[in-house]
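Trainee: Below you will find the structure I want to go over with you.
The values are calculated or read from the model by the stated rules, or taken from the named source; none is laboratory data. If you're wondering where the values come from, they're calculated on a predicted model, not measured in any experiment. Ideal geometry is used to build each Cβ from the backbone, glycine not excepted, and the neighbour counts take in all protein chains shown. Each accessible area value is taken on the protein alone, full model and side chains, heavy atoms only, with ligands, DNA and RNA left out. Shrake-Rupley method; radii C 1.70, N 1.55, O 1.52, S 1.80 Å.
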Amino acid sequence: MIPAGPLPITPLSSPPDRIWRVPGSKSITNRALVLAALADGESTLEGVLHSDDTRHMRSALEALGIGIEDAGPHTLVVKGGRRRLRAPGRELFIGNSGTTVRFLAALACLVPGEVVLVGDEHMAKRPIADLVDGLRQLGADVECATGCPPLRIRGGRLKGGTLTMRGDRSSQYFSAVMMAGPFADAAIDLRVAGELVSRPYVEITRRMVADFGGRIDEAAGGFTVHPAAGYRPRAYPIEPDASSASYPFALAAAAGGAITVPGLSEGALQGDYRFVELLEQAGARVSRQADATTVRSDGRLRGIDVDMHHISDTVMTLAAIAPLLEGPTTIRNVANIRIKETDRLAATVAELRRLGQEVTHGDDWLRIEPRPLTPALVRSYSDHRMAMSFAILGLCRPGITIEDPACVAKTYPTFWEDVERCRSASGG
Ligand SMILES: O=C(O)C1=C[C@@H](OP(=O)(O)O)[C@@H](O)[C@H](O)C1
Ligand SMILES: C=C(OP(=O)(O)O)C(=O)O
């Protein structure tokens, strides 16, 4: 059960020393659903995340003609194939799920007929014009009045050829083209204008497309998406979510103590696993086992100066524990966090200042000088990561109340249960 209304966070009464299991990866679940939907036959996805973002993806794919059945608490059987795709006859609601709207915008180009993708009021502010323009370069018929969702796509085929998109807004535009692209009439020469943000997510996509039988090569200035006869259905294991794991890892580091997250280690597909390296730089000890990672600390950490361009979903996790570190913490090169669930740079700065911290910032950076914490109601901006990040601070120090605990449902609906489990295992 997700608590309703403002939630005061009681600090742990002793340092945590426990195992904390996080649910499956949102990024891998939503890619696996798309790839399995396009694979001819039955795929079994294990370790699936059930959350708002993956539910939106699932119900949209079902409305497009794909069969999806539960075969266990975290197992889905997907009956896919391009030939199953049909126009849904109603608008598809995608909430505020960036992966869902971007991945489906490209997939919808393969659907014979009209697909309309509609989000909530936050999604209506998230840019998608670069992807729309990119899909038009492949001959797609896409309407998008404001440069943000909703989108209307009249699909059937993608013609292949050269497609250039700017790389600094969202890697999801590239992942979207990479997953639908093998079904184009010819190879796609996918070019990146400028630097590509969130690069590790594109690597997840390339790897997963290959796992389902497609091929994407790196090429001068971008990538070549090769045409494929189709994707191969298969059994697919989904890793725990590395962005969700940043919360227990940060808690172990900031509170002192030890937390082990099973299922994530050195070979993790997800770039956000590298968040543990920042904790290491701050003075925590990280031990990477065969199939688990443990973060330990004595609770005395120093501030760090870091570039988080490629792991920006964990910016708020670091920023929220920065008040507990010795010396300033500087986070650089994160302009694209301004176009996520909310303007995360402005939101983080505002909430840290509300908590009495000295914060300076520019368009793509922020710097936090720790000051004594002022108790406060921390606003959530309907952003799951704002709520979860500042909850970690509240588990370390008194006086933090989270305005909207329910917004964690986007990617981690069992977050508060896991917090309580940690408290009971810690004797708090
Ligand atoms: O491809 C993905 O699964 C994601 C890519 C990232 O977005 P951007 O590429 O927009 O930075 C990340 O923030 C998001 O949570 C998930
Ligand atoms: C940015 C995020 O999600 P998305 O872009 O998939 O909505 C996130 O989960 O932090």
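Trainee: Hey, among the residues in the stretch 1-29 that are open to solvent by less than 10 Å² (accessible area, probe 1.4 Å) and over 23 Å from residue 178 (Cα atoms), which one's farthest from ligand 2 (Cβ to nearest atom)?
Mentor: 16
Trainee: Can we say residue 382 is open to solvent by 30 Å² or more (accessible area, probe 1.4 Å) and within 16 Å of ligand 1 (Cβ to nearest atom)?
Mentor: Considered against the rule, which asks whether it is open to solvent by 30 Å² or more (accessible area, probe 1.4 Å) and within 16 Å of ligand 1 (Cβ to nearest atom), residue 382 comes out as yes.
Trainee: So, one more: Return yes or no: is residue 273 free of Cβ contacts under 8 Å to residues at least 40 places away in the same chain, crowded, with 23+ Cβ neighbours inside 10 Å and either within 16 Å of ligand 2 (Cβ to nearest atom) or not assigned by TED's automatic domain parsing to the domain that holds residue 418 (or both)?
Mentor: When the stated conditions are applied, residue 273 passes them.
Trainee: If you don't mind, another one. Just to be sure, is residue 353 assigned to a helix (DSSP H, G or I), over 22 Å from the mean Cα position of the chain (by Cα) and not aliphatic (A, V, I, L, M)?
Mentor: Here the answer is yes, as residue 353 does meet what is asked.
Trainee: Filter the stretch 144-179 for residues that are of a type in the set (Gly, Ala, Ser), surrounded by 17 or more Cβ atoms within 10 Å (Cβ to Cβ) and more than 14 Å from ligand 1 (Cβ to nearest atom) and give the result.
Mentor: Across the stretch 144-179, the qualifying residues are 155, 160.
Trainee: Here's a follow-up. Select from the stretch 335-362 the residues that are within 16 Å of ligand 1 (Cβ to nearest atom), closer than 21 Å to residue 307 by Cβ and open to solvent by 10 Å² or more (accessible area, probe 1.4 Å) and list them in ascending order.
Mentor: Within the stretch 335-362, 335, 336, 338, 339, 340, 343 meet the criteria.
Trainee: Quick one: which of 110, 45, 12 is outside the structural domain of residue 208 (by TED's automatic domain parsing), in contact (Cβ under 8 Å) with a residue 60 or more places away in the chain and in contact with a Leu (Cβ under 7 Å, 6 or more places away or on another chain)?
Mentor: Result: 12 is the single residue among 110, 45, 12 that is outside the structural domain of residue 208 (by TED's automatic domain parsing), in contact (Cβ under 8 Å) with a residue 60 or more places away in the chain and in contact with a Leu (Cβ under 7 Å, 6 or more places away or on another chain).
Trainee: Being in contact (Cβ under 8 Å) with a residue 60 or more places away in the chain and aliphatic (A, V, I, L, M), is that true of even one residue in the stretch 347-361?
Mentor: Checked against the condition, which is being in contact (Cβ under 8 Å) with a residue 60 or more places away in the chain and aliphatic (A, V, I, L, M), the stretch 347-361 yields no hits at all.
Trainee: Being away from ligand 1 (no atom under 14 Å from the Cβ), touching a residue at least 12 places away in the same chain (Cβ under 8 Å) and within 26 Å of residue 95 (Cβ to Cβ) is the requirement here; does residue 320 meet it?
Mentor: The answer is yes for residue 320.
Trainee: Which of the following residues is crowded, with 18+ Cβ neighbours inside 10 Å and either β-branched (Val, Ile, Thr) or within 16 Å of ligand 2 (Cβ to nearest atom) (or both): 110, 117, 85?
Mentor: Among 110, 117, 85, only 117 is crowded, with 18+ Cβ neighbours inside 10 Å and either β-branched (Val, Ile, Thr) or within 16 Å of ligand 2 (Cβ to nearest atom) (or both).
Trainee: Here is a further query. Just a yes or no: is a residue in the stretch 312-326 open to solvent by 50 Å² or more (accessible area, probe 1.4 Å) and either within 23 Å of the chain's Cα centre (by Cα) or not assigned by TED's automatic domain parsing to the domain that holds residue 248 (or both)?
Mentor: No, the conditions are met nowhere in the stretch 312-326.
Trainee: Please go through (1) of a type outside the set (A, V, I, L, M); (2) touching a residue at least 24 places away in the same chain (Cβ under 8 Å); (3) out of contact with any strand residue (DSSP E or B) (no Cβ under 9 Å at 6 or more places or on another chain) for residue 367 and return the number of the only condition it doesn't satisfy.
Mentor: Here residue 367 clears every test but (3).
Trainee: So residue 348 passes all but one of these: (1) part of a helix (DSSP H, G or I); (2) more than 29 Å from residue 47 (Cβ to Cβ); (3) more than 15 Å from ligand 2 (Cβ to nearest atom). Which condition number does it fail?
Mentor: Condition (3) is where residue 348 drops out.
Trainee: Right, another one. In the stretch 30-51, which residues are hydrophobic (A, V, I, L, M, F, W, C) and either surrounded by fewer than 23 Cβ atoms within 10 Å (Cβ to Cβ) or within 17 Å of residue 204 (Cα to Cα) (or both)?
Mentor: 32, 33, 34, 35, 36, 45, 48, 49
Trainee: A further question on this structure: Take the stretch 229-248 and flag every residue that is outside any helix (DSSP H, G or I) and either crowded, with 22+ Cβ neighbours inside 10 Å or modelled with pLDDT of 95 or more (or both).
Mentor: Selection gives 231, 232, 233, 234, 235, 236, 237, 238, 239, 240, 241.
Trainee: A further question follows. From the list 141, 130, which residue is within 16 Å of ligand 1 (Cβ to nearest atom) and acidic (Asp, Glu)?
Mentor: That would be 130, the only listed residue that is within 16 Å of ligand 1 (Cβ to nearest atom) and acidic (Asp, Glu).
Trainee: Taking the stretch 356-368, which residues are charged (D, E, K, R) and either within 24 Å of the chain's Cα centre (by Cα) or over 21 Å from residue 327 (Cβ atoms) (or both)?
Mentor: 363, 364, 367
Trainee: Of everything in the stretch 376-408, what is of a type in the set (D, E, K, R) and in a loop (DSSP other than H, G, I, E, B)? Give them in sequence order.
Mentor: 379, 383, 397, 403, 404
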